[in-house]
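Just so it is clear, none of the values below were taken in a lab; they were calculated from the coordinates. Note that the coordinates shown come from a computational prediction; the quantities given were computed from them, not determined experimentally. Glycine also receives a Cβ, built like all others from the backbone with ideal geometry; neighbour counts cover every protein chain displayed.
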Amino acid sequence: MTTHTPALQANMMVPDSTFEPGMQVYTMKLGMWVFLLSEVMFFTSLIGSYIILRFAHPDHFAQPGVVLNVPLTAFNTFFLICSSVTMVKAFAAIQHGDQRWLKLWLLATILIGSMFVGIQVVEYNALAHEGFVPGAAEYSAVGREAFKAGLAETAPVVGGPLYGATFYTMTGFHGVHVTIGVICLIFVLIRALRGHYIQLDHRGVELIGLYWHFVDLVWIILFTIVYLI
Amino acid sequence: MTDTQHTTPGAGHAEGEHHEAPYLLIWAVLLVLTLAEVGYAFLSLPKFWLALGLIVMAIWKALLVTLYYMHLRFEPKRLWVLATAPLPLVVILIAAVLTEF
């Protein structure tokens with residue numbers, strides 16, 4: 001008969017065949033962590049590139065709040081943090097075998113996550129309308145207030161093309177991750193509605209939770225680096 | 001831990017051993033830190049101190065999410081090793097970038 005240490009048993013969510021004894025977690029959870037660690041390096045490379053460009057061309061980057069809408073994004077950050085709470089509450093619910101609250105918290109996470117993406121689209125639309133778009137050679141960000149005051153043509157230039165390119169690359173990749181997360185959450189919710197998750201086996205909820213919290217974590221870093229510094 | 005918990009191939013942590021962090025308290029701390037970040041970003045301080053303070057607050061928030069919402073604090077130590085494996089690479093990459101200037 002196979003014997004396991006208490007620590008190992010405590011992490012057993014499924015039969016031994018899917019358990020990874022080396023890491024003492026089930027294999028899909030180990031896989032998710034490895035995937036997330038590769039994502040750490042992906043976003044680090046983006047942030048590293050941003051730092052290089054920002055130091056090399058400081059004239060391309062505006063001061064915080066001049067071009068980007070910090071209050072709106074802070075509000076959006078609040079949304080994403082709230083969605084992390086609802087996600088972890090969904091996980092806690094199924095840990096207690098509470099099917100009803102699992103579904104409700106998952107639904108709340110989906111709605112809040114969708115609102116985050118929606119607000120990001122609104123933000124992109126407003127910025128593009130003000131002329132803050134990536135790539136155009138002659139593009140120069142003039143600032144949100146200057147645009148609103150109708151001074152876009154005469155106001156001093158506060159940024160250059162690298163600002164838009166780096167902003168849309170970093171926040172865009174994050175937005176894609178959130179969108180994928182919402183789609184996966186819908187899939188998990190459908191499975192929850194069909195009763196696929198039980199107190200003794202709720203791996204899908206834990207895995208999407210890990211991914212969702214990671215996306216929140218990345219935004220915490222991006223919000224600071226892109227919007228506030 | 002009871003015998004029942006030992007033999008339960010159950011939830012992420014054995015039944016009765018759920019490590020439920022104070023999720024709402026952490027949410028409140030994250031919210032306060034976010035507001036503090038926004039307020040701090042517009043203070044009239046030297047750029048270095050602004051950046052340093054903001055990065056410290058961001059790392060603090062990231063740690064709270066990782067340790068409590070991702071439950072890393074309650075995971076086996078071996079997973080800790082795995083989870084922190086890319087951090088030296090992150091430091092090397094950022095440090096290498098900064099030494100360019």
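Observations
- Least to most buried among A:R191, A:R144 (fewest other Cβ within 10 Å first): A:R191, A:R144
- Computed from the Cα positions only, the extents of the range A:6-228 along the three principal axes stand at 68, 35, 22 Å, in decreasing order.
- Residue exposure sequence - A:L106, A:L217, A:L200, B:L72 - by fewest surrounding Cβ within 10 Å: A:L200, B:L72, A:L217, A:L106
- Cα pair distances exceeding 15 angstrom across the range B:20-70, given as percent: 47 percent
- Likely footprinting exposure, B:F74, B:F48, A:F223, A:F42, fewest C-beta neighbours within 10 Å first: B:F48, A:F42, B:F74, A:F223
- Qualifying lysines (Cα of each under 28 Å from Cα of A:K148; at least 8 residues distant if same chain): B:K47
- Straight-line cross-link partners of A:K29 among the lysines, defined as a Cα under 26 Å from its Cα and at least 8 positions apart when in the same chain: A:K89, A:K103, B:K61, B:K77.
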